[in-house]
Amino acid sequence: MRHRKNIKSVGLILSLLLFSYHSVFAQVYAVENGKALFNATMPLNSYTGESEVLKGSINFETGEIDFSLQVKSIKTGITKRDDDMYELLNIGKYPAITFKGKLVKKYDPNVKDKQSLQVKGEFTLAGTTREVMIGVELKPEGTNFRLTSSWDLLITDYNIKQPKKFFLKVDDKHNLTIDALLVKK
C-alpha cells in the first residue's frame, strides 16, 4: 500500500513538472521596442539607419516568429537621406518591413546558455517578399529572452534601385541587425 502511494506521489510530481514546463513554454513572448539597424556603404562613405520600435513575437511551442518595423521609424541622422529612403521604399504603399517564419529546429529550454538557431521565412521589403534563412541567437535573461541576428541582403533582390549621389552608387549589399528583448505575454 505504501509503495502505491509513493508511485502515485512520484506520478503526481512528474505530471505537475511536465504541466508546468508545458505551460511555461506554451507561452508567446513579445517585443515592443526592439532595435533594428541597417548598414549601407558607398565609395567614400557609409551610413547606418536605426529604429528602436521593432515589434514582434515568438511562440516557443509552434516555433513561429513574426516581426515588423515601420519604415518611417528608421532614421539615418540626415533628414534629406531619410526622406529619399522613404520615397525609394514607397512607404505610402508599403509602410512596414515584415518577417514571418518558423524556427527550423525548436529552442531547447533545457539549455541555459544562448542557442544559435536558424529561422526560415518570408522577409518583405518595399512590397517584395522573398524566402530567406536567417541565423538567430536566443539567450535567456531571467524569465525573458534576448534575440539577436545579423544578415546581409541585396536591395536589388527586393526591386529597389541602388541610390546614387552624383556618380557614386550605394552598394547593393546591406547588413541588417536586430536586438530585441522578448518578454512573456
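Computed from the coordinates by the stated procedures, all read-outs in this text should not be read as laboratory data. This structure is a prediction, so every number in the text was calculated from the model and none was measured. Glycine also receives a Cβ, built like all others from the backbone with ideal geometry; neighbour counts cover every protein chain displayed.
Each residue in segment 148-174 was checked for being surrounded by fewer than 16 Cβ atoms within 10 Å (Cβ to Cβ) and hydroxyl-bearing (Ser, Thr, Tyr), and 2 of them qualify. For segment 112-171, name all the residues that are outside any strand (DSSP E or B), in contact (Cβ under 8 Å) with a residue 12 or more places away in the chain, on the phi < 0 side of the Ramachandran plot and not aromatic (Phe, Trp, Tyr). Once the filter is applied, which keeps residues that are outside any strand (DSSP E or B), in contact (Cβ under 8 Å) with a residue 12 or more places away in the chain, on the phi < 0 side of the Ramachandran plot and not aromatic (Phe, Trp, Tyr), segment 112-171 yields LYS112, ASP113, LYS114, THR143, ILE155, THR156, ASP157, ILE160, LYS161, PRO163, VAL170, ASP171.
In segment 127-171, of all residues being among the hydroxyl-bearing types (Ser, Thr, Tyr) and out of contact with any Ser or Thr (no Cβ under 9 Å at 6 or more places or on another chain), the one that is farthest from LYS105 (Cα to Cα) corresponds to THR156.
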